[in-house]
Each structure stands twice: as structure tokens, then as C-alpha cells.
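Since the structure comes first, as C-alpha cells, the remarks are kept for the end.
Please treat every number below as a calculation from the coordinates, not as lab data. These numbers were taken from a predicted model, which means no experiment stands behind them. Neighbour counts run over all protein chains shown; Cβ positions are idealised from the backbone, glycine included.
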């Protein structure tokens, strides 16, 4: 296998409202310990949180680059008002040679004509859209989380660099309304940043006590933790070289090592998954979307091993 | 001087189309009977022949027909969506309502003379995104996502060169449209891919103690006591438990009614009002359209007259949704 074919691992942006120091220390740890090639940085969910991490951003970028990581700056997923738009513009203006990831069409427009990344919040479902965005300057595309493996394979067959969301709670929806604030009897404007209380999101159960979803401010995530470690081999066969891990409160360096060891052929996916399960606590694993089924389901190697 | 807003009405069947036209709708929007549109429900929507007849009926009455081709084409299987665009254009649809970038590009290239509108499913919620679709694909109108306040819509008009259409009545998405995978997570049925949300095929009711649970796939969405009316279990209108507290955490089982905001929407620069409900019956369509026709005409005269649509909300609460900032 040539170097060109080597599989790359990435950490997606932290989706949660972690305390700024925790956020910074997470990336220091990643810089020192995690075998990932790329790290996406920046606030994707809520513009109100961005000022908190801003002071640490230069140091974190420096540490990650010193550790040989490619740094990509991620931008907001839902842009409604001038504050949101200004934040996206600021990220692009300050990129200073770093790649920027667009998560809304407005960022796609701003990045036209220069190399950039398309994030999983932009709807790329087919080759027509993919080709248009490539012509616009996209050189890498992380696909929407609900795409089945069959579609992923079709898109990977072209010349675009495709990245697949391979680990973490699935970002399922985003809204103008803040559910964290609503849960605490607050409005979005007066939210008191209560989303900072739940490092992996606030668990949402059904009336009959089943775990279902997780709230993260204006974003709704799955309760289950998506995990495509059992499908890496299939996806490598489809020509996919990039896999994205979404940060959670467990030891993400250990999660990255588990994925790396399977990609390098040094570990069996089922064995490596034991390390991963230990890092995510009670979250069940899921990969149903890849199999064209309900997102919460678990199929394939991990499901067989669990039986 | 007030303006008369264009009233864009839903039709899931030819009978509803005729009802909407007869009740004074300016425009009827509809979709083909397949996965190319976002209301892909059993027994609904139009064949090519029905579209042709519907176009004749509407045009004879001076009304227009927009064709929604607003799901995201499947990778490796673009043909059904391309055919839908080709056929709608060939039959003389007054506009195509599109969400996917690739499909908008196809329509602009192959049917430059057919008007193109940007579906709410494209989630274009800011001036730059809207202008992108305008410049890239010649979009003449955007259906705005249900995330903006009226003042935000007004400011938007200062920065775009595109007409806007906003939802005025009917079902209410609380998540940004086109960016919601809740339904596919629970049922495998995706609004973006399959044109369905919380599909009836996955709903069942099971006894749970002295209550009845409405289930979507394996997840309970709500519970009802004996004799209590069970609303349709749309995922985001369900009752859930967080931090030990039970609530309608995303949204109550409510529907949108922005009739009282018509003067504000006129002032904000909106061109058209959209009524949600292609899955609704002919009688519902006739009643909502005629009530809103009256309200729109009154607003155009400068009369403040709230349309009497309370009977149509199925005993549900009504909300002005995201149009008021307090909703957030």
C-alpha cells in the first residue's frame, strides 16, 4: 500500500460547551498522545460559545501543528443573524493559510475559488452536488451522517477526498431554539450557558425509560455512539481514506489508537472496540445508517460479537 | 400602501388542487408520486397526467402550479430526479421547488426558462446562502426556513435580490428543515432521502400500565390516558424525560398560525405565504385557503382581521413559531 493510500484519522470539532481550559487541555492531550493526522477546531453549534474558546485558539493551533497535525478551522452549522455570519467571516479572515471547513452554504459561498473542506452539516447526498462543490474549491468532503454505505461508496468512487463520520454521538438536528435553555426554563438569549453542564450532552429518555437522544444547546444528538470500527475494512475497499472521530469526554487518544490499530492491521475490530466501549461508558454503539437502516441500530461485526 | 401577498396552497391530490384553486389560491404546489418530493406519503401526489390536468385547471382559473422536487437525489441514482425536473418543465410547471445543489444545477442548465425556487429543505437561512443559490442557479425565490424572526426576515430583504415565501399555516418543523435526521434515526425513513418524517408505517400504539403509548419504531413518543385524544406522534412534538423532568422538550403538539402577523410580513417585504399540508384532505384545504384568502385580502386593504382558523388546528395549540424571538 502506497503512502498515498494510507488511511487518515481526524478529530472533528468539539461539539459540546466544555470549559475553555478543559477544551484547551483536551487539544494539548491530543497533540501529545493521539495518532490522528487532522484536527478540526472551532465552534460549530452556537455562536454564543465562540468567545470562550477564542483566547486559547492560537496556542492550541500552535501545539497541534508542532505535533505534526493538520489543523482545519470549522465554522457554524446554522447561520441566522449577523452575529453568526460575522463569526464565520472572522474565522475565514483569520485562517492564515489553514484550511476552513464550511458547515453552511454561506461559508461555501465565502470560500469559493479556494481550497476548503465541506463539513457534515452541508447536504452532499449525490455526485451532482459533490461535483459542483469540488468545482467550487472543495477538496475534501465529510459526508452527512445519515448516508448509507451504498451512497458513500458511490461518492468515494469519484476523485473527491471523502471523509466519513466514524465515531461519536450523531449530530442529528439543529434548531433556532435552544433546548438546553428550554429544559432549564430559560430563553436562548438568557441561556446562562447551561449547556456547559453536560460534557457529552443531556440525555433524553422516552416515557418508558429508553435512552433516545442527547441535547446540546440548539443541537440534538443521538444517545447512541456511532462507531464504524467494524466497517473500516469495507470502507477502505470503497476507496475511503479519511475517518472522523467526534470528541467526547472519555479518553479520545485511546479511541484514536484503537481506530489506528485496526486501520494498520494490528488489531481486530472487535478487540479494539473493547477499548472504545470502556471510554464511552453506558452509551450503546450504533452503525445502522451505514447499513441503510435506522441510525440507532447496531449491525455487522460488533453486533455479531455482542450476540 | 399594503401589498397583496401570494397564497401558495398545498395539494396532495387532484381534488385538493381543484379545491385550492376554487377557494382562491393563487398558486398550488404539489409533487410527483415518488421519492422525489418531501411529502412522499402513500396515496398522495400526482402522476404526470394528473399534473398536466392540474396545470390546465389552475391556468384556466388564472392560478399557477409549482412542482416540489425537493428531496436529495440518491447517489448513483439521479435519473428519477432528473426525469421529474424534465417532465415538470416540459408540462409547463410555473416553477420548480428544489433543494439539492446538484439538481438545481441540472435544472438551471437544462431548463433555464423554467422558474426555480429554493425549497425550505435547502435551509438557506441567511443572505449569503440565498445569494449563492441566486448567483449559481438563478433562483428567483427562496422559501425561508422556519428559524427566522420577522425582523430578521425584514433585514434579510435589504441584502438579497430574491423573492421570499414564508410558511403561514400548518405543520411546524422545529428543527432547521433539510438538516434533521431524527426521523431516520428512529425509523430509517428520512425527510431528505425518502421524503418522509415520522412515517405512519412505523407508528403503533401499545398499552403501558393504564396508559397508551404512541410508538415510533421502538421509541415511545407520547402517552395518553383512556379517552384522551392521541395526536399524531411526530418525533419532535413528543413528550420526553430529561433530568428527571417530563415535558414537550422540543415543541408542544402545536401548529403554526401566523395569520395575525400578515401586516408585519407585508412590511418585512415577503412576497408569498405558504400553507403546509399536502397530506391533508380536500375539505381542509378548501377551508384553510378560503380563510387565508380573506385574511390576505383584508391585510392588503390595511384591515387587521385575524383569520378564523382555530377550528382547523385539531384542538391543538397554535403558535407563531420562530417569527417571534421569544420562541427560541
Using a 10 Å cut-off around each Cβ of peptide A:198-207, what is the average number of partner chain Cβ atoms that fall inside?
5
Counting helices only, and only those DSSP H runs with n ≥ 4, report the 222 nm mean residue ellipticity of chain A as the sum of -39,500 (n - 2.57) divided by its residues, in deg cm²/dmol to the nearest 500.
-9500 deg cm²/dmol
Hey, got the average number of other protein chain Cβ atoms within 10 angstrom for residues in A:183-194?
2
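Divide by every residue of chain B the summed helix terms, -39500 (n - 2.57) for each DSSP H run of at least 4, and state the resulting mean residue ellipticity at 222 nm, rounded to the nearest 500 deg cm²/dmol.
Helix contribution divided over all residues of chain B: -9000 deg cm²/dmol.
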Please compute, for peptide B:70-78, the average count of beta-carbon atoms on other protein chains lying within 10 Å of each residue's beta-carbon.
6
Sticking to Cα atoms, compute the Rg of chain B to one decimal and its Dmax as the biggest Cα-Cα distance, whole number, in Å.
19.4, 60
Area projected by the alpha carbon convex hull of the stretch B:19-75, averaged over all directions, nm²:
4.2
Shape of the stretch A:1-127, Cα gyration tensor, a/c cut at 1.5:
oblate
On the principal axes of its Cα set, how long, how wide and how thick is the protein assembly as shown? Give whole Å, largest value first.
71, 60, 44
Taking A:16, A:193 and counting other C-beta atoms within 10 Å, the order from fewest to most:
A:193, A:16
Taking the beta-carbon count within 10 Å as an exposure proxy, list B:326, A:59 from fewest neighbours to most.
B:326, A:59
Taking R0 as 51 Å, what's the FRET efficiency between residue B:297 and residue A:282 from their Cβ-Cβ distance, rounded to 0.05?
0.30
Computed over the Cα atoms of chain A, what is the convex hull's projected area averaged over all directions, in nm²?
15.4
Bridge type composition, the protein assembly as shown - antiparallel percent by DSSP, nearest 5
35
Top of B:14, B:80, B:145 by mean-square fluctuation, Gaussian network on chain B, Cα under 10 Å
B:80
Compare B:269, B:62, B:243 in a GNM of chain B, Cα atoms joined below 10 Å, and give the one with the largest fluctuation.
B:243
What are the semi-axes of the equivalent ellipsoid for the stretch B:1-105, taken as the square roots of 5 times the Cα gyration tensor eigenvalues, largest first, in whole Å?
24, 15, 12
Could you sort A:35-42, B:70-77, B:104-111 so that the peptide with the highest average Cβ count within 10 Å comes first and the rest follow in order?
B:70-77, A:35-42, B:104-111
For chain A, set up a Gaussian network in which alpha carbons nearer than 10 Å are linked by springs, and say which option among A:285, A:80, A:252 fluctuates the most.
A:80
Could you please rank A:261, B:184, placing first whichever residue has the fewest other Cβ atoms within 10 Å of its Cβ?
A:261, B:184
Percent antiparallel among DSSP beta bridges confined to chain A, rounded to 5, stands at 35
Tell me the Rg and the Dmax, in Å, that the Cα atoms of the stretch B:197-247 produce.
10.8, 31
